[in-house]
Amino acid sequence: MADKEIRKEYSTKGITVIWKPRKCIHSAVCVKTLPNVYKPKEKPWIIPDNASAKELKEQIDLCPSGALTYSLGEGFTEKLKSNEHMSNKVEVLPNGPLMVHGELEVTLADGSKETKSKPTAFCRCGASDNKPYCDGSHRAAGFKDA
């Protein structure tokens, strides 16, 4: 994609929540996990002051698309989780993406490589503008499991 990536940052004590809207697949994991923080009908829609840095980090680690990430500020000393003993898991979401959990290396069509250490959503419908990753296009395309 040649367009410049949009990146919004929302800071609070010890953590900055980073949102990249073009990566979002609208799984609503964020809203379901921390409804006092993520309010899609409000502006700003992310209110990080409504949760602790630890709660935000744990929720962001669940984001299936990588649209939400974070950077830790000074004074936040909690050790990050190690994926060293995590096994990989693949999950087919009904009428949606293929979710891969665990650390993996993805070789893209152009030969470049990306390392993923969070749950990663891969497109199954073929309609994504962010292939091989899901961008939520399966909803508009009416994708259904056979």
Exercise. For Cys125, list long-range residues whose amide hydrogen, built 1.01 Å from N in the peptide plane, is under 5 Å from its own amide hydrogen.
Key: none
Quiz item: For the stretch 89-141, how big is Rg over Rh, using alpha carbon atoms and the Kirkwood form of Rh?
Solution: 0.97
Practice problem: Run a plain Debye calculation on the stretch 8-72 (Cα atoms as equal point scatterers, no solvent) and give log10 I(q)/I(0) at q = 0.16, 0.24, 0.29 Å⁻¹, rounded to two decimals, same order as the q list. | Solution: -0.42, -1.04, -1.63
Quiz item: What are the principal axis extents of the Cα atoms in the chain, in Å, biggest first?
Solution: 46, 38, 31
Practice problem: Go through Lys54/Lys113; Lys20/Lys131; Lys8/Lys144; Lys8/Lys57 and tell me which ones have a Cα-Cα distance over 23 Å in this structure. | Solution: Lys54/Lys113; Lys8/Lys144
Quiz prompt | Net charge dipole size for the stretch 8-72 [Lys, Arg +1 and Asp, Glu -1 on Cβ; Debye, nearest 20] | solution = 240
Quiz item: the stretch 1-77 to the stretch 101-146: how many Å between their Cα centroids?
Solution: 20
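Here, each number is a calculation from the coordinates, and none is a lab measurement. Please read these numbers as outputs of a predicted model, since none were measured by experiment. Every residue, glycine as well, gets a Cβ built from its backbone with ideal geometry; the counts of neighbours run over all protein chains shown.
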